[in-house]
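This report refers to the structure that appears directly beneath it.
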Amino acid sequence: NAGKCSAKTNIVFLKTHKTAGSTIQNVIMRYGLNKNLTFALPRTGHRFPGFFERSSVLPVNQNKNKTAYNILCHHTRFHYDNMRDLMPNDSVYITAVRSPGKLFQSAFEYFQFRKKFHITKQNALEAFLDDPSYFVGKYSKIRFSRNPVFFDLGYDPYQLESESSIRDAINYVDRIFSLVLVSDYFEESMVLLKHTLCWDVNDVTYFKLNERESTSFQHLTKDMEEKIRQWNKADSMLFDHFNRSLWEKLSHLPFDWKKKVELLKQKNRRLEAECIN
């Protein structure tokens, strides 16, 4: 990319839950620290699940115009108008999705839905999926119990019912976000991130953070996968759209993206050997 583009330094990364967001955030924060960029940091914690507000950001000792900040990448609920009011006009908006089965299974364990929905059966996830409306009706609409990615994107996850309303929401997300990463294809997503931001491959090397061991997941049957997709219909359509988009964008890159993926894997192994082993 040298000489053909300039590195992008104004970035909004919407950190969605259970989509490898901590790893992506770490890559972006490391870049910002190396380049001495200015972060929009929350005044107190992350105020989640409240919508993003300009007043929730720590002031910086610079001029008070909207170009004072370069990077916004901490947990918050998406509010485009408020973010646009704070961040520079040329900010690149990025977020991430994950296949519905893996995401919902991870969220179910992480947010302790067994306990919150008072499920006593041994296979709590299977029991929930047999009749999710019963549990939600009895114990209220617990956060992240349906369409968690759309919740992070600022939507009421229980209002997205019709396919037309979901398609409208997906089209809106597609217009705002320059890049939606797919955590199931993480290296490929990082190569696309590198290209989109005109960064060097060394800028997107990473360690996986906050990742559960794959052995800690129970096997999802096809029936359970389908029930998860039905219950999380909006998130499923969102994932399908941006999964297709990922491969389409990769296919149009002006270089052999598979070689770049292998190069990134090599550099990640080297980084791990130097820092961990």
Tell me which cysteines of the chain come out unpaired when the rule is another cysteine's Cβ under 4.7 Å. Cys73, Cys275
Calculate, for Arg269 and Ser178, the FRET efficiency according to 1/(1 + (r/R0)^6) with r their C-beta to C-beta distance and R0 25 Å; round to the nearest 0.05. 0.30
Distant-in-sequence amide H partners of Ile11 (H built 1.01 Å from N, under 5 Å): Ile71, Leu72, Val92
Given the Cα atoms of the chain, and with Rh set as the inverse mean 1/r over their pairs in the Kirkwood sense, what is Rg to Rh to two decimals? 0.97
For the stretch 143-214, which chymotrypsin sites (Phe, Trp or Tyr not before Pro) are both in a DSSP coil and crowded by at most 14 other Cβ atoms within 10 Å? Tyr158, Phe207
Projecting each Cα onto the charge dipole of the chain (Lys/Arg +1, Asp/Glu -1 at the beta carbon, about the Cα centre), which of Ser236, His75, Leu253 comes out farthest on the positive side? His75
So, with +1 on the Cβ of K and R and -1 on the Cβ of D and E, and no other charges, what is the size of the charge dipole of the chain about its Cα centre, to the nearest 20 debye? 660
Can you tell me how much longer the chain between Trp247 and Val201 gets when fully stretched, taken as 0.36 nm per residue apart minus their C-alpha distance, in nm with one decimal? 14.7 nm
Would you mind ranking Cys198, Cys5 so that the residue whose beta carbon has the fewest other beta carbons within 10 Å leads the list? Cys5, Cys198
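Of all DSSP beta bridges located in the chain, what percent are antiparallel, nearest 5?
Of all bridge pairs located within the chain, approximately 10 percent are antiparallel.
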Taking the Cα centre as origin and putting +1 on Lys and Arg beta-carbons and -1 on Asp and Glu beta-carbons, what dipole magnitude results for the stretch 1-125, to the nearest 20 debye? 340
Among Lys267, Lys258, Lys138, which one shows the biggest mean-square fluctuation in a GNM of the chain, springs joining Cα atoms closer than 10 Å? Lys138
Computed over the stretch 1-156, the ratio Rg/Rh where both radii use C-alpha atoms and Rh is Kirkwood: 1.06
Which GluC sites (Glu not before Pro) in the stretch 155-210 pass both tests, a DSSP loop state and at most 16 other beta-carbon atoms within 10 Å? Glu161
Modelled label reach - Val60, point 7 Å along Cα→Cβ, the stretch 164-189 residues with backbone N closer than 18 Å: none
So, in nm, how far is label Glu53 from label Lys259 when the simple model puts each one 7 Å beyond its Cα toward the Cβ? 5.2
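So how much slack lies between Asn89 and Thr221, counting 0.36 nm per residue of separation and subtracting their Cα-Cα distance, in nm?
42.9 nm
Expressed in nm to one decimal, what extension gain is obtained for the pair Tyr110 and Glu161 from 0.36 nm per residue of sequence separation less their Cα-Cα distance?
Extending this stretch completely gives an extra 15.8 nm.
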Once you place label points 7 Å from the Cα toward the Cβ at Asp81 and Gln122, how far apart are they in nm? 5.3
Near Lys15, within a Cβ-to-Cβ distance under 11 Å, what is the net charge of the other residues, with Lys and Arg +1 and Asp and Glu -1? +1
Can you give me the span-like helices of the chain, meaning DSSP H runs with 30 Å or more of Cα extent along the axis and Kyte-Doolittle mean at or above 0.5? none
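No value in this document is a laboratory result; all are computed from the given coordinates. From a predicted model like this one, the values you see are computed outputs, not experimental measurements. As a convention, Cβ positions derive from the backbone with ideal geometry for all residues, glycine included, and neighbour counts pool all protein chains shown.
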